[in-house]
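Participant: One structure coming up, written as structure tokens, with questions to follow.
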Amino acid sequence: MTLLYEVNIFKVSFTRKKEEKNDKIYRRRNCYISKKIVTNTCSIAFKDIDKIIKNNSVNLTRTLDLGCGFWRSTSYLQKFNPGQIFGSDIDEKSVDYCRKNNKDCTFFLNTPDSLQYEYNPFSAIFSILMLFHLETADEVKKEMKKCFFSLANKGHLIIITRTKELYTANYTSSRGVKAPINSGDRATMYLSDINLVVEDTYWSEQQLIDIATEVGFESYTLEYPLAEKFDETILPPFLILTLLKR
Ligand SMILES: C[S@@+](CC[C@H](N)C(=O)[O-])C[C@H]1O[C@@H](n2cnc3c(N)ncnc32)[C@H](O)[C@@H]1O
């Protein structure tokens, strides 16, 4: 696969603390986070979406927000005035909530057995802060394959996910607790604005690119948005991987 461009390569610093909690609580709480507006460190995940759309000429005619949660990210995408916007989640409660509260978009459940998403083909699929919910490389591959086969030709898959740094550094509203060593490791962080500890599965950019190549994506760009405060100026908390289906 061809690398088109990569920005803000960075150094890694580790600070580790131990904390463990039950998976189910993290999952439930992750959904809870989605109800909140985008603020502080989390806003860095969203701040460059417009640039990504422009720089990659992303076609927003039929856009899917995969892992829409309580439509926080969907409403963000709506700002760019895409033609038709769809949201999907594996959590039934999220989908019900979205359907009741946002009549401008079409929401549907992502069922594990299907090989493509309902309402496909899409011109663009965004997966915003969702990938770290997937616990095995097979799950990541299955979901990426589904994206590939649900995209129209020349469609983009845009993945925004947490970097290793988010589990190690101190940011405005988050602090690393338990750092991953390898891709696929469990990792923990503390979200100070909502006083919450969350546990994820960390996926490295290299593993994501390898899986995307296996699945059939042909080129990618990798970006690391930065902000103006604390560790956020040098250690990017999020990465944006934009994949193109030829
Ligand atoms: C941290 S929330 C982010 C929600 C939203 N994208 C946002 O930024 O506000 C992650 C969401 O991904 C959903 N999710 C996890 N695995 C998924 C999958 N395989 N397909 C679709 N949604 C998934 C979870 O249920 C949760 O609602």
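The values are calculated or read from the model by the stated rules, or taken from the named source; none is laboratory data. Everything quoted here is computed from the prediction, not taken from an experiment. Because the Cβ atoms are built from the backbone with ideal geometry, glycine has one as well, and the counts that use them run over all protein chains shown.
Participant: I need the full set of residues from segment 76-97 which are over 13 Å from residue 49 (Cα atoms) and either surrounded by 22 or more Cβ atoms within 10 Å (Cβ to Cβ) or within 17 Å of the chain's Cα centre (by Cα) (or both), in order please.
Facilitator: Once the filter is applied, which keeps residues that are over 13 Å from residue 49 (Cα atoms) and either surrounded by 22 or more Cβ atoms within 10 Å (Cβ to Cβ) or within 17 Å of the chain's Cα centre (by Cα) (or both), segment 76-97 yields 85, 86, 87, 88, 89, 90, 91, 94.
Participant: Just the residues that are under 17 Å from residue 158 (Cβ atoms) and assigned to a strand (DSSP E or B), please, taken from segment 187-246.
Facilitator: 219, 220, 221, 222, 223, 238, 239, 240, 241, 242, 243, 244
Every residue, every condition in (1) more than 20 Å from residue 131 (Cβ to Cβ); (2) touching a helix residue (DSSP H, G or I) at 6+ places or on another chain (Cβ under 9 Å); (3) within 9 Å of the ligand (Cβ to nearest atom); (4) assigned to a loop (DSSP other than H, G, I, E, B), yes or no:
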| site | (1), (2), (3), (4) |
| --- | --- |
| 54 | yes, no, no, no |
| 57 | yes, no, no, yes |
| 60 | yes, yes, no, yes |
| 65 | no, yes, yes, no |
| 68 | no, yes, yes, yes |
| 76 | no, yes, yes, no |
| 81 | yes, no, no, yes |
| 98 | no, yes, no, no |
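Participant: I'm checking my understanding of the structure. Among residues of segment 116-135 that are among the hydroxyl-bearing types (Ser, Thr, Tyr) and not in a loop (DSSP other than H, G, I, E, B), which one is surrounded by the most Cβ atoms within 10 Å (Cβ to Cβ)?
Facilitator: Of everything passing the filter in segment 116-135, 127 is surrounded by the most Cβ atoms within 10 Å (Cβ to Cβ).
Participant: Kindly indicate which of 188, 172, 213 is crowded, with 18+ Cβ neighbours inside 10 Å, modelled with pLDDT of 95 or more and among the hydroxyl-bearing types (Ser, Thr, Tyr).
Facilitator: 188 is the lone residue from the list that is crowded, with 18+ Cβ neighbours inside 10 Å, modelled with pLDDT of 95 or more and among the hydroxyl-bearing types (Ser, Thr, Tyr).
Participant: Okay, next question. Being within 6 Å of the ligand (Cβ to nearest atom) and more than 15 Å from residue 143 (Cβ to Cβ) is the filter here; which residues of segment 83-95 pass it?
Facilitator: Result: 94, single match.
Participant: Taking the options 199, 232, name whichever one is in contact with a Ser or Thr (Cβ under 7 Å, 6 or more places away or on another chain), at pLDDT 95 or above, of a type in the set (D, E, K, R) and crowded, with 19+ Cβ neighbours inside 10 Å.
Facilitator: From the options 199, 232, the qualifying one is 199.
Participant: In segment 108-115, is there at least one residue being under 26 Å from residue 214 (Cα atoms), among the small types (Gly, Ala, Ser) and either assigned to a loop (DSSP other than H, G, I, E, B) or within 14 Å of the ligand (Cβ to nearest atom) (or both)?
Facilitator: Among the residues of segment 108-115, at least one is under 26 Å from residue 214 (Cα atoms), among the small types (Gly, Ala, Ser) and either assigned to a loop (DSSP other than H, G, I, E, B) or within 14 Å of the ligand (Cβ to nearest atom) (or both), which makes the answer yes.
Participant: Another one. Go over the candidates 106, 111 one by one and state the one that is surrounded by fewer than 19 Cβ atoms within 10 Å (Cβ to Cβ), touching a strand residue (DSSP E or B) at 6+ places or on another chain (Cβ under 7 Å) and within 16 Å of residue 64 (Cα to Cα).
Facilitator: Values: 111 fails: touching a strand residue (DSSP E or B) at 6+ places or on another chain (Cβ under 7 Å).
Sole residue among the options that is surrounded by fewer than 19 Cβ atoms within 10 Å (Cβ to Cβ), touching a strand residue (DSSP E or B) at 6+ places or on another chain (Cβ under 7 Å) and within 16 Å of residue 64 (Cα to Cα): 106.
Participant: Which residues, counting only those in segment 50-75, are among the basic types (Lys, Arg) and more than 17 Å from the chain's Cα centre (by Cα)?
Facilitator: At the first step, the residues of segment 50-75 found to be among the basic types (Lys, Arg) are 51, 54, 62, 72.
If the condition is that a residue be among the basic types (Lys, Arg) and more than 17 Å from the chain's Cα centre (by Cα), then 54, 62 are the ones that fit.
Participant: Kindly indicate whether residue 140 is closer than 27 Å to residue 225 by Cα and more than 10 Å from the ligand (Cβ to nearest atom).
Facilitator: It is false that residue 140 is closer than 27 Å to residue 225 by Cα and more than 10 Å from the ligand (Cβ to nearest atom).
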